[in-house]
1. At a 10 angstrom cut-off on C-beta neighbours, averaged per residue, how do the peptides B:293-306, B:47-60 rank from highest to lowest?
2. Which order results if A:193, A:159 are arranged by neighbouring Cβ count within 10 Å, fewest first?
3. Give me the inter-chain shielding for B:19-31: mean count of other chain Cβ atoms within 10 Å, whole number please.
4. Once you have the Kirkwood Rh of segment A:82-213 from its Cα pairs, apply Stokes-Einstein at 20 °C and 1.002 mPa s and quote D in µm²/s.
5. Quickly estimate the mean residue ellipticity at 222 nm for chain B, helices only: each DSSP H run with n ≥ 4 gives -39500 (n - 2.57), and the total goes over all residues, rounded to 500.
6. Which of B:308, B:136, B:30 ends up with the largest GNM mean-square fluctuation for chain B, with Cα atoms connected below 10 Å?
7. Segment B:10-29 to segment A:100-179: how many Å between their Cα centroids?
8. Quick check on segment B:1-49: what does the Kirkwood estimate of hydrodynamic radius come out to from the alpha carbon pairs, in Å?
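Readers should treat all values here as calculations from the given coordinates under stated rules, not as data from a laboratory. Treat the numbers as computed from the prediction; the structure is a model and nothing was measured. Using ideal geometry, Cβ is built from the backbone for each residue, glycine included, and neighbour counts are taken over all protein chains shown.
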Ligand SMILES: Cc1cc2nc3c(=O)[nH]c(=O)nc-3n(C[C@H](O)[C@H](O)[C@H](O)COP(=O)(O)OP(=O)(O)OC[C@H]3O[C@@H](n4cnc5c(N)ncnc54)[C@H](O)[C@@H]3O)c2cc1C
Ligand code: FES
Ligand code: FES
């Protein structure tokens, strides 16, 4: 490790983390967030006096994505969205606006839906990230993916991964009680094609079916 | 984006020292405002001090005060039983802000310290005294439909700033007599939330009265008798996920048909959350009625000015005050 040369973007380690639970329940993770005080060391990274813009020293981050633990060397400026798309080749998560305004980049971090475009990857140390790629299991689509197809929940499909990640949270967090409640919950996910009513119907159907999401 | 040094301290004093020792250093919490500004080159820190591992997430209720750590997430606070029970106005205001994803990331401290959304602050091709002191204010004669009607002198406006503070949460905290707990290198100090943000004057580059190396550690809200007689009204361009054009936090304590205490604050109208102290005083001791609310709203508008595209706010603002008061009084 001492003479290790880290090439930017190089994956240092990659192991399946079988202990990890796919599903997080809201209550549990909220309680954990309230209590957790991670003993993270005082980390110094990138530069240290050398503030030469274009070419900082890579920094290391370890995080779990869709059940696989990754140890990566990254440019300190990398967002979680760019890390997923450019370094882990998980291109299901979309870049719409890159400024928090559209929801196309919605992923789950420690079970909570967040925006990957407004997070630095280095700040996701030790976190568990789930993307749209985690939903289908053994070749069969997730019930909400199926329902989007059935209800025409998309046209161009660009917003769809973000819509589905939010939709899954909507059902898990029990906020799919009525069309109005779903609309308010889903307001952070814009759809230029205007598939909104069909998206609401898809979420309603899965919620009413009682399927495990 | 300029590269930066990244630190992840676990002690409050380490974080404060790390920012204090470097003029280019900034705290980062949820990052939802700072990363946005860094991507656009409006803020370019040399060093980011990640405060998410400081023990400042707790929400508790103790001896008549609701205490909320600076790192509690907006979504957690809005759903917390003690907040819903003791200060429902704060929960309403938080819930009306941004989107569900953003509320899962945004912290209380970061929300209070978010920068304005004025398009000229964001567009580096235009003059903006807030972004570049002394360059002028393009909004005075430009696109200003979202801009201030209070706290700025018309004659002096181009040397100052007519941008508004955009936070919904801040409006509720101003109305609820919240206190801000601030930790600096020298120790702790407490200020009224209404003294956190400042008017632009001749230094519009300063949003608040905080020193650069001071850390907000939490907020405290004293008990009140408003109960459920509190309402946050937000007028916006679409039904959800949009900044306020005008917003009103109204809270009333009505005893035997008469107003015993009242709080009124507005958002989207000034460089800081705008308390309507005179209107509040006018309500005291009088029986609840729509006519009374209209008088109070008119008093609140006495010093208002407008800049063309935001002329409509001179009528929208008092109407919003009346509506919010009617809701709070449960007349509507
Ligand atoms: C598309 C979009 C829509 C939005 N709509 C709304 C809306 O309708 N209503 C609304 O109110 N808000 C809205 N917001 C703003 C959002 O609420 C803020 O971005 C968020 O609250 C900022 O919190 P944060 O923790 O992410 O702050 P950060 O981005 O981490 O920090 C913001 C600033 O505060 C400083 N800081 C953070 N914490 C502390 C502390 N404890 N002590 C000292 N300094 C600190 C940082 O240095 C930085 O300068 C919207 C944002 C987006 C992107
Ligand atoms: S890409 Fe993240 S919100 Fe649009
Ligand atoms: S399906 Fe095209 S943007 Fe939503």
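1. B:47-60, B:293-306
2. A:193, A:159
3. Other-chain Cβ atoms within 10 Å of each residue's Cβ, averaged: 1.
4. 145 µm²/s
5. Result for chain B: -7000 deg cm²/dmol, rounded to the nearest 500.
6. The residue that fluctuates most here is B:308.
7. 34 Å
8. Hydrodynamic radius (Kirkwood, Cα pairs) of segment B:1-49 is 11.0 Å.
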